[in-house]
Amino acid sequence: MPVIAHDLIDRLAQHRTLSGAPRTELEWLAAHGSIRNLNAGEALSRKDRPVEGLFLILSGRLAVFVDRADGPSKFVEWHEGDVTGVLPYSRMVNPPGDVSALEPVEVFAIPREHLRSMTRECHEITTILVHKMLDRARLFTSSELQNEKMISLGKLSAGLAHELNNPASAIERCAAMLENRLKDSEEATRDLAAETLSDEQIATVEAVRRACTAKRIHEARSTLEQCDREEAIEGWLARHGLDTANAQMLADTEVTFEVLEVLAAGVERPALNAVLRWAAAGCAVRNLTSKIQESATRVLNLVNAVKGFTHMDQANVAEPVDLGTCLANTVAVLQSKAREKLVDVTLELEAEVPKVRGFAAELNQVWGNLIDNALDAADNGGRVQVLANREDQSVVVRILDDGAGIPHEIRDRIFDPFFTTKPMGQGTGLGLDIARRLVRHNEGAIAFESQPGRTEFRVTLPMAET
């Protein structure tokens, strides 16, 4: 045997992974493989091509880069003494991403076509590599789940920031306006106190106040309707020779023209101006405080929805899970994305849907992935339906969208890790794979049906024991 072959066998014997293998098996490897050298940045394998074989890293560092939302991201790194590529009995064909050298790398490569013979001739090496394959599977599974959770958290954070911005801005805006309206109310109160009103006039003023503070029993007026109402009240004030500056505040109330006419008939100017300003300013203060309360309630509801979605204050243990609450929280945290696409999201629950037994945080991850995918699939102005009902001893959750559907040629691959139909940088191909794993971990099953205009994902979970 040439001297160089002995040197190679010695190097293989010093390899961290293969150091315990018999020398005869290392000789077999040396006879069936070859050394490859890569410069920094050079690719060993590419995600769109089959992996050529088994690679033993003799020196340097390699890493696999997977496409993320913000571009390629380092997923796993291998060093001197590690093994990568195709391992015995592995079903891997293409890598999850491009495998590139981080620095000058020397690897010993065994072509894929020799692996079957290796399992017959090199039993000890095969055993070592199978253990490595199991470790790699656990590493990839853990990394995939963690990365997908971080991506979901990023989406959730972006959506939550957008959702919280509206009520927070409303609170800030109303609080700033409230100072001016309180000043108006104080001045109007002093002006009104300076007028001498009879008991009958005071009763008429009280009727206006009640009309101003009355709660709306109809839907909120549109911007155009509000403008028309403001112009009409401004015209009424002008015809009666009154201050038109009160028109906007009066337009925000429920006061009617009939009540205004009664007031005009019972109270003369200038007392009438003081009455209208007092009523309008008082109502404006109430409206602003009501809007602040509504916005604060909206913030609280969003925080509760996110807290329920993440279950951040609960241990990760199987327990009875209320699917109605979980689904409602998930829909709530994804509403901003739905509004951006003008997608109508509906939640329909069968009366008294029984609880399921599982891990609430994991199930919320499933609903988040499936509803998020449905929103991506639906066209602008489309519809997404979330339904839940009992079937025998199980609870079935169905998520439907009216998008273009899943093409027949890729239906067998949509649950494969890293497979995605989204443009580069917009999808990792992990969502459905992880959803299936989490459903199985909760002792459930997931399936889908698709045709143009209707795609349904169906998750079946066992009922919690009563």
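Tabulated data for the structure shown
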{"quantity": "Loop chymotrypsin sites (Phe, Trp or Tyr not before Pro), segment 74-103 (other Cβ atoms within 10 Å of the site Cβ: 13 or fewer; DSSP)", "calculated": "Tyr89"}
{"quantity": "R0 of 22 Å, Cβ-Cβ distance Ser169-Ser222: FRET efficiency to nearest 0.05", "calculated": "0.60"}
{"quantity": "Computed E for Ala207/Glu254 - FRET, C-beta separation, R0 22 angstrom, nearest 0.05", "calculated": "0.95"}
{"quantity": "Residues Arg440 and Arg36, FRET efficiency given R0 of 51 Å [Cβ-Cβ distance, rounded to 0.05]", "calculated": "0.85"}
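FYI, it's all coordinate maths here, none of it is from the lab. This structure is a prediction, so every number in the text was calculated from the model and none was measured. For neighbour counting, all protein chains shown are included, and Cβ atoms are generated from backbone atoms with ideal geometry for every residue, glycine included.
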